[in-house]
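The values are calculated or read from the model by the stated rules, or taken from the named source; none is laboratory data. Since the model is a prediction, treat every value here as computed from it, not as a measurement. We place every Cβ from the backbone using ideal geometry, glycine too, and count neighbours over all the protein chains shown. Just so you know, the surface numbers come from the protein's heavy atoms only, side chains and all, with ligands and any DNA or RNA stripped out. Shrake-Rupley method; radii C 1.70, N 1.55, O 1.52, S 1.80 Å.
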Amino acid sequence: MALLINNVVLILYTSIIVFPSSSAFLLPLFKEQPLAVSPDSTRWVFENNLDNKYAITSTLFKEVALHLRMHTDSNGSRASCPPFLMRRNENEPMMIEFNCNDLESALSCDYLSACTGSRKSNEGKIGGWEMEDLGGNQDEHGYNQDVHSFQAKRLDWKEDILNATNTIIFNSAGSYISSTLAATSLAALHGLDGASAGVCMNLYVTPAMVQTSAPPHTDKQDVVVVQTQGRKRWRVYSPPDSSFDSELDPFKRGKGTDSLTLEMLKRENSELLLDVTLYPGDTLFVPARFPHTTDTLDCYDNEDDIGRSFEKEDWSMHLTVGLDSHVWNLNYISMRTLALRSHGIHDVLLQQTAHSFDRNMDMCVGRVNQLSNDLREGLYSSVDDTMLSFHSKNDRSSPNSAQSMEKLASNLLSFHDRTNLECGFREDEAQSLTFDQCLQTVNHFQYVGQKIANSHQDMYVAAVKEEQMRVNEEGGWARNVGNSMPDERARRLSIFRVPLYFQEMDMCREELRAWGDFLGTHENISPMILVGDQVESVFPTREVNGEQPFNSAKVIKISSDGMLFDLQYFNGMVQKGVQEQYLRGPHGIGIYI
């Protein structure tokens, strides 16, 4: 494939190595194929006044979308979707470019926050991977009274980055770093064409010779990893058998209090699929729930200059583009949960305890992990590819769109019926889930999912426009401004602009939950309040002008009988044992707190 960039003809050839996810197929499949730059991607960058390099990024993610579609079974299951590795040949252009100089420039032009990962110990036991905020111009309590709050969070290239001893993580870097990564995220979203409701690009920076940059863990997202500088070793494993401990969420293994080790993976029938060192330009796809661990310890052992000191250019830098299908609940298990709740139908997967009701649609624990592998994998499969193609978003009434929705509804009903069958539960005919109810649920998920996808697109478009404005203003306008930045410019900083879009997306997810709370037999029943919900609480012993005032609070604990609630208010005050009659809500899952 010949690609013309800046009057230079480049020939693109890409090696793709596909690793089967089943232990029955341990030998990798090797496939050589040309990676043709899509005409659609070329047209898209022209229409959006972007550099030609983003056509390559868009084309890369078209390959990812094709991979997902090719490994989606007719019943909607992605049980057979494996990881893949795409090697870059030396004469190829980089798919995505970002190095230490780009990061140093971004830190000087904006106010970015970052975190580091570590494994916490509790009573002598090592827990899972947890995040801690990184440095910034703060005191020991995380505050600096001498500067504005956003300036207190500003990271210093030398003090915070170059002195790091482990991985530094810039979450949502694609939306916060407008200079390069916003357009890259936008290109990825275009290339996926609905294969994910949204993408979230994180940046990972790791010094050389780090023994464990990330311990074994799983993620909630399918991730596309693009190595942009230095080297990093990746080991990827098949998903553990969830039935070994059904109370562990397979999307969150190795995080929080769950310590996941290589020995545990072996005991839970998880097998090593891939052990590879990524070099600049290499791309790795890891599906959600596939455990992986990384390091930079021996990445230079075969070099002649062993023992030399490593410079910042040797540090590993990679971008992880998360396909956030499960983050926004666009999967079959969430649709099933919502369909049953909205129509008042018994859910055989729910635990029979007070307030175990999964209003969040996020609980992947318990009985679902005891189902057969094929059924469980089907329920955990995402659905947004069929729902959210941008090419058809304005034509939901077309025959193809209607057929796609009907197919999703049919798959949903089938998964539900199979779940009841495996659990030995027979529905009363008058209280059974119907195809029409499944179709109603699918259509609502499409409606909300499209709003989430649009919000992602709007967020990245706004960042690209902001960068164009900065260029027109001769760039670098945020460098070394101290306390003198005018308000109109401060409001344009990413730390103020980006959270508004994520709040908008959180409200969309809450729209799904609320829809389930108030349909069918739930029309006249208050929605269930769970830990993490935002509520309004009244102080029963205090009145203002003859009325009892309500105050926003967050639910932090619920009594075992579900009757009393512990609340935390904006000022940090905790009130214990509040009865439900003194609460209004819920109004979202901690969105405002």
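Observations on the model:
- Two-site FRET efficiency, Ser118 against Glu311, from Cβ-Cβ distance with R₀ of 35 Å, rounded to 0.05: 0.90
- Inter-probe distance in nm under a simple model that places probes 7 Å from Cα toward Cβ, at Glu271 and Arg367: 3.2
- In the context of the full set of protein chains, the range 202-307 has a per residue accessible area of 37 Å² (1.4 Å probe).
- Sorting the segments 506-515, 219-228 by their residues' average number of neighbouring beta-carbon atoms within 10 angstrom, most packed first, yields 219-228, 506-515.
- The range 200-259: projected area of the alpha-carbon convex hull, averaged over directions, in nm²: 5.2
- Residues in the range 64-117 average 37 Å² of solvent-accessible surface per residue, probe 1.4 Å, ligands and nucleic acids excluded.
- Computed FRET value (nearest 0.05) for Ser108 with Gln431, which takes r as the C-beta separation and R₀ as 56 Å: 0.35
- If you plug the beta carbon distance of Thr261 and Phe496 into 1/(1 + (r/R0)^6) with R0 = 30 Å, you get a FRET efficiency near 0.15.
- Carbon + sulfur, % of accessible area of the range 161-265 - ligands and nucleic acids excluded, 1.4 Å: 46
- Distance between the pseudo-spin-label points of Asp156 and Asp298 (7 Å out from Cα toward the beta carbon): 3.8 nm.
- In plain terms, the chain from Met469 to Tyr279 could stretch by 65.0 nm, reckoned as 0.36 nm per residue minus the Cα-Cα distance.
- Paramagnetic reach from Ser414 in the range 441-463 [backbone N under 17 Å; point 7 Å along Cα→Cβ]: 442
- Across the cross-link table entries Lys255/Lys451; Lys554/Lys576; Lys232/Lys252; Lys232/Lys312; Lys53/Lys465, which are compared at the Cα atoms, the separations over 21 Å belong to Lys255/Lys451; Lys232/Lys252.
- Dipole of the range 40-91, positive direction: furthest Cα of Leu66, Phe46, Cys81, with charges on the beta-carbon: Cys81
- At full extension, Asn166 and Asp40 could sit 41.3 nm farther apart than now, given 0.36 nm per residue minus the alpha carbon distance.
- By average C-beta atoms within 10 angstrom, highest first, the peptides 263-269, 189-195: 189-195, 263-269
- Spin-label pair Phe244/Ala402, simplified geometry with 7 Å Cα→Cβ offset, distance in nm: 4.9
- With every protein chain in place, the range 404-456: carbon and sulfur % of accessible area (1.4 Å): 48
- The packing ranking of peptides 274-285, 335-346, 84-95, 196-207, highest mean first, is 196-207, 335-346, 274-285, 84-95, where packing means the average number of other beta carbon atoms within 10 angstrom of each residue.
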